Amino acid sequence: MHALQQHIKKFTTRYLLTKAATIAQYAAHAAAACGATAEVPWRVLPLMVTRTVEPTAFLADPRIPCTTADHLATVLTHPADPEPGWIPAPAATP
């Protein structure tokens with residue numbers, strides 16, 4: 001249980017949220033480094049992207065949206081901001 005708690009803490013507080021806050025301070029610079037133009041102000045939203053499902057996504061009160069790499073394009077092109085917690089694959093179209 002202790003190992004899982006440390007893992008969750010690492011990925012939420014110490015890792016992703018801290019890095020997102022740092023990048024948010026320099027959002028225009030980060031966008032320029034990615035080759036994007038700053039026609040509108042950039043916002044930085046934390047998003048955990050992993051190769052496999054991450055236990056942190058299933059906390060009772062998740063703080064970060066989480067998805068897997070194979071679903072990333074869908075998350076990034078969705079018109080709404082991702083909600084904290086697990087973002088499942090979109091439903092298949094019949």
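So, in region 22-57, of the ones that are charged (D, E, K, R) and within 21 Å of residue 73 (Cβ to Cβ), which residue ends up modelled with the lowest pLDDT? Ranking the qualifying residues of region 22-57, first place goes to 54. Of the residues that make up region 3-11, is at least one basic (Lys, Arg), modelled with pLDDT of 70 or more, in a helix (DSSP H, G or I) and loosely packed, with under 13 Cβ neighbours inside 10 Å? Within region 3-11, none of the residues are basic (Lys, Arg), modelled with pLDDT of 70 or more, in a helix (DSSP H, G or I) and loosely packed, with under 13 Cβ neighbours inside 10 Å.
The values are calculated or read from the model by the stated rules, or taken from the named source; none is laboratory data. All of these numbers come straight from a predicted model, not from anything done at the bench. Glycine gets a Cβ as well: all are built from the backbone with ideal geometry, and neighbour counts include every protein chain shown.
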